[in-house]
Amino acid sequence: MSAFVIRRLLQAALVVVSVVTLVFFLIRVSGDPASLGVNLDDFRSPEQIKAEYEDLRQRMGLDRHILIQYAQFWQRAARGNFGYSFRYGVPATDLIIDRLPNSLRLGALAALIGITAGLPLGVLAALNRGTIIDNIATTVSVFGIVVPQFWLGIMLIIIFSVQFGILPTSGTGSWRHIILPAVTLSTGLVATVARISRSGMLEALSQDYIRTARAKGLSERLVIGRHALRNGSISIITVVVSSLPHLIGTVVVVEVVFAWPGVGNLMAQAVANRDYPVVFLDVILFGTVTVLTFLVMDLMYAVIDPRIRHR
Amino acid sequence: MSELAGTFDRASERRAAQRAGIWRQLWIHRLGIIGTTLMLAFVIAALFGPWIAPHDPVAIDLDNPYAQPVWLDPADGRGILGKDNLGRDILSRILVGSRNSLIIAFSAVLIGMVSGVALGLITGYRGGLVDDVIMRIADTQTAIPFLVLLIAVIAFLGGGLVNMIVFLGVGSWVGFARLIRGEVLSIRERDYVQAARALGAGDVRVMFNHILPNSIQPVIVAASLSFGGVILTEAALSFLGLGVGSIVPTWGKMVADSRDYVTVAWHLSVFPAVAIMLVVLGTNLLGDWLRDVLDPRLKGRRG
């Protein structure tokens, strides 16, 4: 077991290092980051601009060889220093840490909605196969897959904020602010969970142990809840976790639509402002979160299922 | 004897299915046919959009901004699907815009498919260090959320049609590579491959003449299914202002542009979005159908 854990940890670390390296060199290939950080206001003379540019290059260490820069980057990163935001002049880490809780709340609520709406939908569809309920569930899950989330967000704002005036259009403040963004973010998840739980339930219901459970005279509720559902729960968790990269991508879009002050919105703004240290750190954050989540999932599986450890 | 009877039975079943008539066949394959029809319609729009379009898609008509769709306001000179904030005909813009959206998606999937298949073939066939390195790169790429990576790459390297296609294509090689690698690993040791090798066929010949044709079917299905994903990603990027900037917008750009006017004119936003959803629906239905037709073993597996 410990050999498996160590191997898996090393793999995850390797992936994180590769992500950082990839983005680091991508930025350097793309041009001169110092030129983006210079203040180009009209009242400044070319000499002033040039001086600031040279100063910035030196402060960022851009005048050295790229491999030295790379080594220096790791040195600083080890101390938690990922550079300063061009726009706000504060450490990029501060900006991220400020906004991270908002994104986590949003993501957690979306995951909750995804499971609490998707699971019953899929189970009901499987139990009423071929009926109108099944058709409704299928339609909902197809819609969840084909709809562009940014458009859905706009429509929800029109319906619930503009027409009915029930929920706020954007921003934060009360619990009512989070409803529309979370619902928008959850649509893909609802669709996926519903589809997986439907097919998982159909497969479980055809198994011998279900027939045995019924033959024992267990109530239908026990058969479904304790036997069929429990055996399908692992695959549902797998699906929720493995949709994480896609969910994170959607977070950016949804946060922009609802002006939600999270890390995704921060990244979109940083891109628009060419605030590259923030973009860089955001990508590293998203990558690390994904890698760690997959790592935890794999380790959990290894605990549950001994066969995986020995592969 | 019994085996022969079985053969006869199956043959008679097949004849019965053929006799069942074209309508029954169509009903069985109805979803696939809907998907195919949708895709055909959009391909026709992409090819002939400028000639089919009832109006000039960029012609500005400031007398009729926000004109309603024709069934809500059947006055003359108003587009079938209404007009946008500058009085441009929405139907014409969707028809002409389909070319950009489909070209991007088609080229990107093609790039992803070709590079993914090539790398998957090599890693699966060779194994060893090459396999390790390429698959670790694949792991790294999947660790970064695709849209986030794309946003960063476009922000740093710039957008534009060609860049967009290349980035979206390079972003989707991993799925194809993993798929074909798995196929190759199982086919590599089959008898006919061993036989070809024994007859003196070289690596390239074995890979392309023997392994590839036998592992390509799931790739075609995956290509069809990933087409919709690329359309959605491109639309999301356009929405964030990172799409291809051109006079004739893509559907994602149309939805993004309509955002400021949604409270006065819902139709600016709804119709391009419907176009996006229909294409994505079409490719998904087509992909599911292709999978069932090409490989009955996988029937109903996805999801």
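The values are calculated or read from the model by the stated rules, or taken from the named source; none is laboratory data. Keep in mind that what you see is a predicted model, and the values were worked out from it rather than measured. Counting neighbours? That spans all protein chains shown, and the Cβs are built from the backbone with ideal geometry, glycine included. To get the accessible areas, we keep the full protein, side chains included, count just its heavy atoms, and leave off ligands, DNA and RNA. Shrake-Rupley method; radii C 1.70, N 1.55, O 1.52, S 1.80 Å.
One table, with the values for the structure above:
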quantity	calculated
Helix axis angle, A:46-59 relative to chain A longest principal axis, alpha carbon, degrees	60
Percent carbon-and-sulfur accessible area, the protein assembly as shown, ignoring ligands, DNA and RNA, probe 1.4 Å	64
Peptide B:234-241 - average C-beta neighbours from other chains (10 Å radius)	5
Cut-off 19 Å, label 7 Å out along Cα→Cβ of residue B:192, residues of the range B:82-126 by amide N	B:121, B:125
Gained length - residue A:221 relative to residue A:26, 0.36 nm times residue gap less alpha-carbon distance	64.7 nm
Residue-by-residue Karplus 3J(HN,Hα) for the range A:68-78, coefficients 6.51, -1.76, 1.60, Hz, glycine and proline x	5, 4, 5, 4, 4, 4, 5, 4, 5, 4, 4
Peptide A:277-286 - average C-beta neighbours from other chains (10 Å radius)	3
Cβ-derived FRET efficiency at R0 60 Å, residue A:49 paired with residue A:234, nearest 0.05	0.50
Positive-end residue, chain A charge dipole about Cα centroid, Cβ charges, pick of A:166, A:187, A:122	A:122
Shielding by partners, peptide A:149-159 (average Cβ within 10 angstrom, other chains)	5
Approximate spin-label separation residue A:292-residue A:143, in nm, with each point projected 7 Å along Cα-to-Cβ	3.6
For residue A:84, distant residues with modelled amide H under 5 Å away	A:92
Computed FRET value (nearest 0.05) for residue A:203 with residue B:294, which takes r as the C-beta separation and R₀ as 35 Å	0.95
Label-to-label distance, nm, for residues given as residue B:37 and residue A:97 (7 Å Cα→Cβ offset)	5.9
Which of B:258, B:69, B:47, positive extreme of dipole for the protein assembly as shown (C-beta unit charges)	B:47
Order of exposure, largest accessible area first, which applies to B:113, A:267, B:39 with probe 1.4 Å	B:113, B:39, A:267
Extension gain, residue A:69 back to residue A:17 (0.36 nm per residue minus Cα-Cα distance, nm)	17.2 nm
Extension gain, residue B:264 back to residue B:216 (0.36 nm per residue minus Cα-Cα distance, nm)	12.3 nm
Calculated [θ] (222 nm, deg cm²/dmol) that DSSP helices of n ≥ 4 give over the protein assembly as shown, each run adding -39,500 (n - 2.57)	-23500 deg cm²/dmol
Three-way shape call for chain A based on the alpha-carbon gyration tensor, with the a/c threshold at 1.5	oblate
Förster-model FRET efficiency, 22 Å R0, residue A:35 and residue A:272, C-beta, rounded to 0.05	0.85
Rough spin-label spacing in nm, given labels placed 7 Å along Cα→Cβ, for residue B:30 and residue A:301	3.8
Label point at residue B:161 placed 7 Å out along Cα→Cβ; residues across the range B:101-135 whose backbone nitrogen lies under 18 Å	B:101-111
